[in-house]
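This report refers to the structure that appears directly beneath it.
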């Protein structure tokens, strides 16, 4: 029996290449029981015409299914569902008639509903994406990343990518961090003092879990990183938000009860303020007097294209009380999810044990691929190229903001990838965001960054990392026009 070509359709929302989607369509039909062993597939020519794709695409899909034993070829007769193809389950899966669990009582601790907003998943489709923290595909070194991934997949690296390392990290990646990345921030560390994490956010979570209890107090910047505030709220520790000024966190405002101080001295999130050296020293002195620990999130130091960054706070610390958080997800791409913790060996030992109990270690393939990309010089070349392009976009953005009379509340002293903006009083930037999204403009409202019970509503963040330079001025003109319309 032949399978009618009219019954085969590609899922419009399917992911991947056309070849992969055709494979998924046929494999899905076999796994669901729609296509049975011995049934004949349409010819490659007929299916290609029906789907509107090239014949070679269908042929390649059939060949891959043949190699995986989903299909079998019979001389010149064509392709058939293989007798050895996976069999559908004897009893089809079914959902319960209704959910009889009272989840309001069953859930012991809630993690949803925090301050961290969701970024629109279709941001790349917007014409004016002033979106922070997303990768620009026009800047990334796709070719060399692919070559490094192929190299990591080689037989020589089989153990590195496939073995369960339990609580250990890729030694090549750790060595690069110790010998190349950290010295650029004035930091020296042994491998026992470095832990690879699933991005900076995972590093912050591990740190909070190891250092904080319900009796301890965490100091956070206000405004500050909203995801950190969610993490600390979930840990049930006491929170002490401290208002930042033009130089970042003021040390004299730290409360006596401060146990752990979370700070972004090099590039305050979100105001972009840089903490001067005298204040960094004052913060260390105050922490020593309080016997507090400091967690330094150095999330964007690579984007210092205007002038070299100041030394990291940890490089000035003689006591070992600073724990350093770094990330490759910002400088490479956010989906990489690779960051690292640097701290005293007793702390790293506990963080490593906690990580092992939750996820063992970050995937070996990603660690080894990143290690090759970093050690072969591709990373430094990418940072130089990105910094040059960001400098151009920053100049164009600042000129457009000044031309439109928009108020810049914070501009990074050394570079960065965004401006912290202040709309006129009375403008709710959450409402402004929705109005602009309908016009293809994406900005980030500022209220979620504040820990206040009633946060100010007139701040917003404007990033230039992912928008083509020739669209910046037009996008900012739309922002200015919409603000004026809301004031009318």
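A short reminder: the numbers here are calculations on the coordinates, not readings from a lab. Computed from a predicted model, the values in this text were never measured in an experiment. When we count neighbours, we look across all protein chains shown, and the Cβ atoms used for this are built from the backbone with ideal geometry, even at glycine.
Computed quantities for the displayed model
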read-out	value
Cα convex hull of segment 142-376 - mean projected area over all directions, nm²	12.5
At q = 0.10 Å⁻¹, base-10 log of I(q)/I(0) for segment 52-164 (Debye sum, equal scatterers on each alpha carbon)	-0.90
Chain lengthening between residue 359 and residue 76 when straightened (0.36 nm per residue, less Cα-Cα)	96.9 nm
Relative packing of 173-183, 111-121, which averages over residues the other C-beta atoms within 10 Å, highest first	173-183, 111-121
Two-site FRET efficiency, residue 216 against residue 7, from Cβ-Cβ distance with R₀ of 60 Å, rounded to 0.05	0.45
Estimated D of segment 5-81 in µm² per second, where Rh is the Kirkwood radius over Cα pairs and Stokes-Einstein applies at 37 °C, 0.692 mPa s	264
Helix axis angle, 277-290 relative to the chain longest principal axis, alpha carbon, degrees	90
Share antiparallel - DSSP beta bridges, segment 209-270, percent rounded to 5	10
Paramagnetic label zone (point 7 Å from Cα along Cα-to-C-beta, residue 345; backbone N under 18 Å) in segment 190-216	190-196
Within segment 155-177, backbone nitrogen closer than 19 Å to the virtual label 7 Å beyond the Cα of residue 380 toward Cβ	172-177
Percent of Cα-Cα distances greater than 16 Å, calculated over segment 317-400	67
Computed lengthening from residue 392 to residue 109, 0.36 nm per intervening residue step minus Cα-Cα distance	97.2 nm
Estimated FRET transfer efficiency (residue 281, residue 306; beta-carbon r; R0 22 Å; 0.05)	0.40
Bridge type composition, the chain - antiparallel percent by DSSP, nearest 5	55
Crossing angle, helix 18-32 versus the chain [Cα axis fit, 0-90 degrees, rounded to tens]	70
Label-point gap, in nm, between residue 20 and residue 239 - each point 7 angstrom along Cα→Cβ	3.8
Mean Cα-pair separation over length for the chain, i.e. relative contact order, pairs under 8 Å, 6 or more apart, %	18
More than 23 angstrom apart: percent of Cα pairs within segment 238-373	41
Kirkwood Rh (inverse of mean 1/r, distinct Cα pairs), segment 36-106, angstrom	15.0
Average silhouette area of segment 295-364, convex hull of alpha-carbon atoms, in square nanometres	5.8
At R0 = 35 Å, FRET efficiency that the Cβ-Cβ distance of residue 101 and residue 162 yields, to 0.05	0.35
Degrees between helix 364-375 axis and first principal axis of the chain (Cα, 0 to 90, nearest 10)	60
Expected 222 nm ellipticity per residue - DSSP helices of 4 or more, -39500 (n - 2.57), all of the chain, to 500	-11500 deg cm²/dmol
Share of Cα-Cα pairs in segment 189-266 lying beyond 21 Å, as whole percent	31
